[in-house]
Amino acid sequence: VQVGANDGIRADPVRHLIMKHNLPALLVEPLPDLFAQLQKNYAGQPDLLFENCAIGDHDGQVPLYRVRPDPTLPDWLQGLASLDRNHLTSTKFEFDQFEKYVEEVSVPMLTPTTLLKKHGINEIGLMQIDTEGFDCRIVETTLRAGLRPAIINYEHHHVHAITKAACKRLLDECGCDFIDVGIDTLAVRRA
C-alpha cells in the first residue's frame with residue numbers, strides 16, 4: 001500500500017519495484033489531477049488497485065492544501081500537498097512567495113480499515129507513506145486499528161520531534177524494530 005503515491009513517477013521510491021517485479025499494490029493519491037496521472041503512468045500494469053483519497057482517522061471529506069499546478073514553478077514543488085496549511089510555507093521550502101501558490105481542495109478521506117476493506121485486502125506486506133507532515137498520524141491510525149504491516153516506510157522529515165518520538169514508541173509497542181534512513185523511518189515487524 002502506497003499512501004501519497006503522487007503521479008507514480010516523481011520522487012517515487014517503489015515504482016521500480018512494482019514495475020520490475022509486477023508487484024500487486026494499492027496506490028493511494030488524494031489530488032484528482034495527480035491521481036489521473038498515476039493511473040495513466042501505470043496503465044497496463046497488472047494487479048494494481050487505485051484509490052483517490054486521503055488517509056486519516058475518519059471517513060468523510062477534508063480540506064487538503066496543495067501547491068497549485070503551475071508550469072513556472074520548479075518540478076520539485078509540483079504535487080506538494082498537506083492536510084496542514086502551515087506545512088506549506090516559504091520558510092520551510094525556501095521558495096519566495098510560496099504561499100501565493102497554495103490552494104485548498106476538498107478531498108475524500110478514508111480510514112486505513114475502510115480502505116483495505118473496500119479493496120478486499122487482509123494483509124499489508126509494505127506500507128509506504130509520504131504525506132508531507134501527516135505521515136506519523138497515518139502510521140498511528142493504522143497501528144491503533146490493529147493493522148500490522150510487515151514493513152512500514154514513512155517520511156519523518158517534516159514531523160515534530162514529540163510526534164516522531166510518540167510514533168516510534170507505538171511502533172515498538174506494536175512489535176516493530178525501526179531505523180531512520182535519511183529523511184525516512186523504516187520499521188519492520190518483529191517475527
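The values are calculated or read from the model by the stated rules, or taken from the named source; none is laboratory data. The structure displayed is predicted, hence computed values, not measured ones. In this analysis, Cβ positions are derived from the backbone assuming ideal geometry, glycine residues included, and neighbour counts consider all displayed protein chains. Accessible surface areas use protein heavy atoms only, side chains included; no ligands, DNA or RNA. Shrake-Rupley method; radii C 1.70, N 1.55, O 1.52, S 1.80 Å.
Just to verify a result, which residue in the stretch 129-155, among those that are part of a loop (DSSP other than H, G, I, E, B) and of a type in the set (A, V, I, L, M), is farthest from residue 65 (Cα to Cα)?
150
For (1) of a type in the set (Phe, Trp, Tyr); (2) open to solvent by less than 30 Å² (accessible area, probe 1.4 Å), each residue gets a yes or a no:
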| position | (1), (2) |
| --- | --- |
| 53 | no, yes |
| 56 | no, yes |
| 59 | no, no |
| 68 | no, no |
| 71 | no, no |
| 74 | no, no |
| 93 | yes, yes |
| 103 | no, no |
| 108 | no, no |
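Is it true that some residue in the stretch 3-10 is within 20 Å of residue 147 (Cα to Cα), open to solvent by 10 Å² or more (accessible area, probe 1.4 Å) and in contact with a His (Cβ under 7 Å, 6 or more places away or on another chain)? No, the stretch 3-10 contains no residue that is within 20 Å of residue 147 (Cα to Cα), open to solvent by 10 Å² or more (accessible area, probe 1.4 Å) and in contact with a His (Cβ under 7 Å, 6 or more places away or on another chain). Here the condition is being outside any loop (DSSP other than H, G, I, E, B), open to solvent by 60 Å² or more (accessible area, probe 1.4 Å), within 23 Å of residue 126 (Cβ to Cβ) and aliphatic (A, V, I, L, M); of 38, 34, 49, 26, it holds for 49 alone. Residues of the stretch 139-150 that are surrounded by fewer than 24 Cβ atoms within 10 Å (Cβ to Cβ) and either touching a residue at least 40 places away in the same chain (Cβ under 8 Å) or closer than 15 Å to residue 180 by Cβ (or both): 141, 148, 149. Could you go through the stretch 156-173 and let me know if any residue there is under 25 Å from residue 49 (Cβ atoms) and either in a loop (DSSP other than H, G, I, E, B) or of a type outside the set (Lys, Arg) (or both). No, the stretch 156-173 contains no residue that is under 25 Å from residue 49 (Cβ atoms) and either in a loop (DSSP other than H, G, I, E, B) or of a type outside the set (Lys, Arg) (or both).
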